[in-house]
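Note sheet for the following structure.
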Amino acid sequence: MNFSINEERLTAAEYIDFLKKTDLGSQYPKERFAERIDTLVRRTSISLVARNDSGEIIGVCFGITDFAYWLFITDLGVVRECTGKGIGKALVKRLHELAGGEKNIIMYTCANENAIPFYKKIGMHTPDDVMVLNHADWTNFTVE
(Lines give C-alpha, C1' and ligand atoms only; values in the text may rest on other atoms or scores of the structure.)
Protein backbone atom coordinates (compact mmCIF):
# COMPACT_ATOMS: atom_id res chain seq x y z
CA MET A 1 0.00 0.00 0.00
CA ASN A 2 1.32 3.41 -0.96
CA PHE A 3 1.00 6.25 1.51
CA SER A 4 2.66 9.52 2.40
CA ILE A 5 3.31 11.02 5.83
CA ASN A 6 3.39 14.77 6.34
CA GLU A 7 3.36 17.24 9.18
CA GLU A 8 -0.17 18.55 9.00
CA ARG A 9 -2.69 20.10 11.39
CA LEU A 10 -6.15 18.58 11.19
CA THR A 11 -9.29 20.38 12.25
CA ALA A 12 -11.24 18.94 15.16
CA ALA A 13 -13.96 17.82 12.73
CA GLU A 14 -11.44 16.02 10.50
CA TYR A 15 -9.90 14.27 13.50
CA ILE A 16 -13.25 13.22 14.94
CA ASP A 17 -14.22 11.80 11.54
CA PHE A 18 -10.90 9.89 11.49
CA LEU A 19 -11.51 8.55 15.01
CA LYS A 20 -14.79 7.00 13.88
CA LYS A 21 -12.78 4.78 11.49
CA THR A 22 -10.30 3.57 14.13
CA ASP A 23 -10.19 1.99 17.56
CA LEU A 24 -8.30 5.01 18.91
CA GLY A 25 -11.46 6.94 19.82
CA SER A 26 -12.14 4.67 22.79
CA GLN A 27 -9.29 6.31 24.74
CA TYR A 28 -11.10 9.64 25.09
CA PRO A 29 -13.49 10.57 27.88
CA LYS A 30 -16.98 11.79 27.13
CA GLU A 31 -16.55 14.94 29.23
CA ARG A 32 -15.98 18.03 27.04
CA PHE A 33 -14.95 15.75 24.17
CA ALA A 34 -15.28 18.23 21.28
CA GLU A 35 -13.59 21.03 23.23
CA ARG A 36 -10.67 18.82 24.22
CA ILE A 37 -10.19 17.42 20.71
CA ASP A 38 -10.09 20.98 19.35
CA THR A 39 -7.35 21.86 21.85
CA LEU A 40 -5.46 18.64 21.06
CA VAL A 41 -5.30 19.16 17.30
CA ARG A 42 -4.32 22.83 17.64
CA ARG A 43 -1.68 22.50 20.34
CA THR A 44 0.14 19.17 20.06
CA SER A 45 3.88 19.62 19.42
CA ILE A 46 4.03 17.36 16.36
CA SER A 47 1.07 16.36 14.20
CA LEU A 48 1.61 13.73 11.50
CA VAL A 49 -0.97 12.54 9.00
CA ALA A 50 -0.68 9.53 6.69
CA ARG A 51 -2.69 9.70 3.48
CA ASN A 52 -3.25 7.13 0.76
CA ASP A 53 -2.85 7.86 -2.96
CA SER A 54 -6.41 9.23 -3.05
CA GLY A 55 -5.59 11.75 -0.32
CA GLU A 56 -7.73 10.05 2.34
CA ILE A 57 -6.48 10.10 5.92
CA ILE A 58 -5.43 6.57 6.86
CA GLY A 59 -3.26 7.27 9.91
CA VAL A 60 -2.52 9.94 12.49
CA CYS A 61 0.21 10.33 15.09
CA PHE A 62 0.50 13.16 17.63
CA GLY A 63 3.35 13.74 20.05
CA ILE A 64 4.37 16.22 22.70
CA THR A 65 8.06 16.83 23.10
CA ASP A 66 10.72 19.20 24.38
CA PHE A 67 12.87 18.37 21.29
CA ALA A 68 15.82 17.75 23.63
CA TYR A 69 15.16 14.73 25.87
CA TRP A 70 11.68 13.24 25.67
CA LEU A 71 8.70 12.53 23.47
CA PHE A 72 5.27 11.35 24.52
CA ILE A 73 3.04 9.76 21.87
CA THR A 74 -0.43 11.02 22.71
CA ASP A 75 -2.26 9.56 19.72
CA LEU A 76 -1.49 6.88 17.18
CA GLY A 77 -4.24 5.46 15.02
CA VAL A 78 -4.71 3.77 11.68
CA VAL A 79 -8.04 3.21 9.97
CA ARG A 80 -9.25 -0.34 10.59
CA GLU A 81 -8.96 -1.42 6.93
CA CYS A 82 -5.29 -0.36 6.80
CA THR A 83 -3.86 -1.88 9.98
CA GLY A 84 -0.96 -4.31 9.62
CA LYS A 85 0.52 -2.50 6.60
CA GLY A 86 3.37 -0.65 8.35
CA ILE A 87 1.60 2.71 8.62
CA GLY A 88 1.69 2.91 12.42
CA LYS A 89 5.33 1.89 12.54
CA ALA A 90 6.23 4.49 9.89
CA LEU A 91 4.32 7.21 11.76
CA VAL A 92 6.11 6.45 15.04
CA LYS A 93 9.51 6.36 13.33
CA ARG A 94 8.90 9.74 11.67
CA LEU A 95 7.59 11.23 14.94
CA HIS A 96 10.72 10.09 16.77
CA GLU A 97 12.96 11.54 14.03
CA LEU A 98 11.19 14.91 14.10
CA ALA A 99 11.49 15.12 17.89
CA GLY A 100 15.27 14.62 17.71
CA GLY A 101 15.96 10.95 16.93
CA GLU A 102 16.33 7.77 18.92
CA LYS A 103 19.88 8.59 20.05
CA ASN A 104 18.66 11.78 21.78
CA ILE A 105 14.99 11.29 22.65
CA ILE A 106 13.34 8.86 25.05
CA MET A 107 9.86 7.97 23.79
CA TYR A 108 6.89 7.16 26.03
CA THR A 109 3.20 6.45 25.56
CA CYS A 110 0.17 5.24 27.49
CA ALA A 111 -1.12 2.29 25.51
CA ASN A 112 -4.47 0.61 25.82
CA GLU A 113 -4.25 -3.13 26.29
CA ASN A 114 -5.05 -3.87 22.63
CA ALA A 115 -2.13 -1.74 21.44
CA ILE A 116 0.55 -3.19 23.73
CA PRO A 117 1.60 -5.94 21.26
CA PHE A 118 2.16 -3.29 18.56
CA TYR A 119 4.35 -1.15 20.81
CA LYS A 120 6.35 -4.18 21.95
CA LYS A 121 6.82 -5.22 18.31
CA ILE A 122 8.40 -1.83 17.48
CA GLY A 123 10.80 -2.18 20.41
CA MET A 124 9.11 -0.36 23.28
CA HIS A 125 8.92 -1.91 26.74
CA THR A 126 7.04 -1.35 29.98
CA PRO A 127 9.07 1.01 32.19
CA ASP A 128 9.21 0.97 35.95
CA ASP A 129 10.12 4.63 36.28
CA VAL A 130 6.91 6.37 35.22
CA MET A 131 4.73 8.15 37.74
CA VAL A 132 1.07 9.08 37.28
CA LEU A 133 -1.25 11.51 39.02
CA ASN A 134 -4.82 11.11 37.82
CA HIS A 135 -7.75 12.88 39.44
CA ALA A 136 -9.73 13.19 36.20
CA ASP A 137 -13.28 11.87 36.21
CA TRP A 138 -13.66 10.25 32.80
CA THR A 139 -16.66 8.50 31.34
CA ASN A 140 -15.73 5.99 28.65
CA PHE A 141 -17.56 6.13 25.33
CA THR A 142 -17.03 5.28 21.68
CA VAL A 143 -16.64 7.98 19.05
CA GLU A 144 -19.31 7.30 16.45
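The values are calculated or read from the model by the stated rules, or taken from the named source; none is laboratory data. Given the structure is predicted, the values throughout are model-derived calculations rather than measurements. Cβ sites come from the backbone with ideal geometry, for glycine too, and all protein chains shown count toward neighbours.
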| For region 79-93, what are the residues that are crowded, with 18+ Cβ neighbours inside 10 Å, more than 16 Å from Tyr119 (Cβ to Cβ) and under 15 Å from the mean Cα position of the chain (by Cα)? | Val79
| Just for strands (runs of 3 or more DSSP E) wholly inside region 1-101: which have at least 3 residues that are among the aliphatic types (A, V, I, L, M)? | 46-52, 57-65, 70-78
| How about region 114-132: which of its residues are of a type in the set (A, V, I, L, M, F, W, C) and under 20 Å from Gly77 (Cα atoms)? | Ala115, Ile116, Phe118, Ile122, Met124
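Rundown of residues vs (1) closer than 23 Å to Ala111 by Cβ; (2) under 14 Å from the mean Cα position of the chain (by Cα); (3) acidic (Asp, Glu), yes/no style:
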| residue | (1), (2), (3) |
| --- | --- |
| Met1 | no, no, no |
| Ala13 | no, no, no |
| Lys20 | yes, no, no |
| Gln27 | yes, yes, no |
| Lys30 | yes, no, no |
| Phe33 | yes, no, no |
| Asp38 | no, no, yes |
| Ser45 | yes, yes, no |
| Val49 | yes, yes, no |
| Of these, Cys82, Cys110, which one is in contact with a strand residue (DSSP E or B) (Cβ under 7 Å, 6 or more places away or on another chain) and within 24 Å of Glu144 (Cα to Cα)? | Cys82
| Unmet requirement for Arg32, which otherwise passes all of (1) on the phi < 0 side of the Ramachandran plot; (2) without any contact (Cβ under 8 Å) to a residue 24 or more places away in the chain | (1)
| query | Any idea how many residues of region 109-142 are under 15 Å from Gln27 (Cβ atoms), modelled with pLDDT of 85 or more and surrounded by 12 or more Cβ atoms within 10 Å (Cβ to Cβ)? | reply | 6
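So that you can scan it fast, the table gives a plain yes or no per residue for (1) in contact with a strand residue (DSSP E or B) (Cβ under 8 Å, 6 or more places away or on another chain); (2) closer than 24 Å to Phe141 by Cα:
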| residue | (1), (2) |
| --- | --- |
| Phe3 | yes, no |
| Glu8 | yes, no |
| Ala12 | no, yes |
| Phe18 | yes, yes |
| Pro29 | yes, yes |
| Asp38 | no, yes |
| Cys61 | yes, yes |
| Gly86 | no, no |
| request: Evaluate region 50-68: report whether one residue or more is of a type in the set (Phe, Trp, Tyr), surrounded by fewer than 17 Cβ atoms within 10 Å (Cβ to Cβ) and in contact with a helix residue (DSSP H, G or I) (Cβ under 8 Å, 6 or more places away or on another chain). | output: yes
| request: Give region 75-94 a look and list any residue that's over 17 Å from Lys121 (Cα atoms) and in contact with a Leu (Cβ under 7 Å, 6 or more places away or on another chain), or say none. | output: Asp75
| task | Please specify each residue of region 4-32 satisfying the condition of being exposed (fewer than 13 other Cβ atoms within 10 Å of the Cβ), in contact with a helix residue (DSSP H, G or I) (Cβ under 9 Å, 6 or more places away or on another chain) and either modelled with pLDDT under 95 or among the hydroxyl-bearing types (Ser, Thr, Tyr) (or both). | result | Thr11
